[in-house]
Amino acid sequence: MRNWESFLRGLLISLVALVGCWLVAGPTAHAATSAPQTPTSPPTSILGINLTGGFTQQPIDSNVISGHSVTLSAKGTRNILETATNPLGSRKYVWWESTDGGSTYQQVGTNSTTYTFTAPEVTKDTPLMFQCEYDFTGLGLFYNEWSRIATVTVTPDRVPTTDIQVSADSNTLYNGESTTVHATLTPDNATDPVTWTSSNPSLASVDAYGNVTAANTSSTMDGTANDHGTVTITGTSNGRSDSTKITVGALQNVTVNEGSDATFTLNNLPDGMTVANWYKVDDGTTTALNSTASSYTVSKTTVGGDNGTAYYATLNYTVNGSTKTVNTNAALLTVNKSGLLSLTAVPNFNFGSTDVASVSQDNTTLENLDEATSGSNYDGNDNGELSVMDSRETGGDWTLTASLSPFALSDGDTGQLSAVILDLYDPTARLDENIPATNTATKIYTSSDYDGQTFDVTDSQLSFAADPKITAGDYQSTVTWTLSVAPS
């Protein structure tokens with residue numbers, strides 16, 4: 001028993017000493033009368049994660065008739081480090097008022113996000129100044145936050161509003177972020193109250209004090225969730241109204257015409273946040289795009305391949321030495337038919353080399369090589385792409401033909417290959433057409449559904465007959481592609 005009591009006594013002494021050390025390091029208590037404090041910087045947050053602490057809603061200036069009730073409101077947030085390392089700590093709200101023009105402040109309210117009072121009876125315009133303190137009350141060293149100083153001007157009589165102009169501290173919000181809208185009234189001492197409404201409260205709500213809060217990121221990642229877009233916030237006073245638009249979401253929907261590039265961009269990423277990867281969602285299947293850039297571009301969009309796909313990014317941030325990841329919202333890509341019919345890509349071919357002795361004695365077949373082409377006739381791509389874009393809604397069937405000129409020496413000397421045939425082959429699209437090197441147009445493909453086609457003709461071959469009189473050298477030929485539309 002004595003050993004147990006001794007252990008408890010030692011433990012109690014240790015705890016008291018430990019608490020004593022923390023209390024010394026923490027913030028001190030405030031006096032009943034205080035000088036005005038410097039407002040702290042606005043918090044930095046993204047997607048609902050508060051990277052720094054501070055006031056997400058500031059008390060606002062207002063004009064009020066004497067004898068009327070007034071309510072001031074403010075909201076603060078703890079930073080993510082404080083939340084992670086001091087889960088048992090807390091903060092409380094303390095309201096301070098100055099009646100001498102801001103020289104001194106007296107504590108008037110505590111432990112509430114709002115402070116309500118009745119305006120005093122006055123015979124002339126009388127300013128009252130208020131500041132809210134977000135007071136840290138836990139263990140450890142975290143400083144108190146201070147709001148802006150709000151002025152409430154008390155007037156003897158009503159002053160009607162004749163005009164209103166609305167603005168926002170920020171017109172772009174990531175999911176979970178907040179901003180404040182303001183009403184500038186005419187005359188500037190108008191006492192009529194301002195009411196606030198949102199055109200889409202589920203995307204961004206606005207309270208009675210003009211505090212706008214964006215919706216959180218949805219778990220639905222097909223781009224159709226109501227977690228991004230634009231809302232209109234309207235302020236009304238004495239029947240007069242004005243509005244401002246606020247864009248919500250890290251990513252916005254993109255609409256392009258077929259054949260154009262579509263770019264999704266993350267603007268104004270906070271310091272300390274980086275892109276971990278981009279993802280594409282197509283019919284419920286998510287694919288990593290292996291990109292850490294602040295934007296992602298979908299090149300040469302098509303209706304068939306890209307319309308209705310969605311894109312989002314994952315972001316990394318560090319808390320207390322540990323890396324965390326969060327998703328942005330997913331945005332939708334819409335690809336419209338642009339009414340165009342175009343041959344958008346044609347291939348170059350390189351069939352390598354062979355020896356003259358073989359060609360002079362036997363028929364020869366050469367495979368197209370997966371390497372760069374050179375020569376005066378180079379004007380396409382080396383990846384075997386043959387592509388037609390068709391974004392029309394009406395019109396006749398389109399037909400693609402190709403003609404191949406005779407192979408001749410590139411240096412201009414006399415010499416040709418005999419009986420040459422280009423076997424244009426795409427196994428995926430079942431394209432397998434023989435094109436003779438006789439400048440004869442050969443039908444390659446006909447489409448009747450107003451839809452573009454892309455072929456990969458990398459596996460094409462070149463064959464030619466034996467020629468005892470063959471001359472050594474570099475031979476070239478030109479493929480002429482013709483895209484035409486038959487009458488409806």
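Observations on the structure shown:
- The condition of being closer than 13 Å to D282 by Cβ and under 22 Å from the mean Cα position of the chain (by Cα) holds for only one of T314, T309, T318, T323, that being T309.
- In the set (1) over 28 Å from Q106 (Cα atoms); (2) surrounded by 17 or more Cβ atoms within 10 Å (Cβ to Cβ); (3) more than 39 Å from the chain's Cα centre (by Cα), the condition left unmet by T155 is number (1).
- Residue in the stretch 341-350 that is among the hydroxyl-bearing types (S, T, Y), touching a Pro at 6+ places or on another chain (Cβ under 6 Å) and either closer than 22 Å to N277 by Cα or touching a residue at least 24 places away in the same chain (Cβ under 8 Å) (or both) present: no
- Options D362, D382, D355; residue that is among the acidic types (D, E) and surrounded by 13 or more Cβ atoms within 10 Å (Cβ to Cβ): D382
- Against the test of being of a type in the set (S, T, N, Q), outside the structural domain of R78 (by TED's automatic domain parsing) and buried (at least 21 other Cβ atoms within 10 Å of the Cβ), the options N216, N175 yield a single qualifying residue, N175.
- Qualifying strands (runs of 3 or more DSSP E) (wholly inside the stretch 205-280; at least 2 residues being more than 12 Å from the chain's Cα centre (by Cα)): 211-214, 229-237, 240-248, 254-257
- Residue in the stretch 86-100 that is of a type in the set (A, V, I, L, M), touching a Pro at 6+ places or on another chain (Cβ under 8 Å), within 26 Å of T179 (Cβ to Cβ) and in contact (Cβ under 8 Å) with a residue 12 or more places away in the chain present: no
- Of all residues in the stretch 453-481, those being exposed (fewer than 13 other Cβ atoms within 10 Å of the Cβ) and part of a strand (DSSP E or B) number 1.
Results for (1) assigned to a strand (DSSP E or B); (2) aromatic (F, W, Y); (3) closer than 30 Å to T265 by Cβ, shown as yes or no for each residue.
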site: L315; (1), (2), (3): yes, no, yes
site: T325; (1), (2), (3): yes, no, yes
site: F349; (1), (2), (3): no, yes, no
site: T401; (1), (2), (3): yes, no, no
site: D411; (1), (2), (3): no, no, no
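- None of G89, G76 is within 29 Å of A214 (Cβ to Cβ), part of a strand (DSSP E or B) and of a type in the set (G, A, S) except G76.
The values are calculated or read from the model by the stated rules, or taken from the named source; none is laboratory data. Being a predicted model, the structure only gives us computed values, none of them experimental. So basically every Cβ, Gly included, is an ideal-geometry build from the backbone, and we count neighbours across all protein chains shown.
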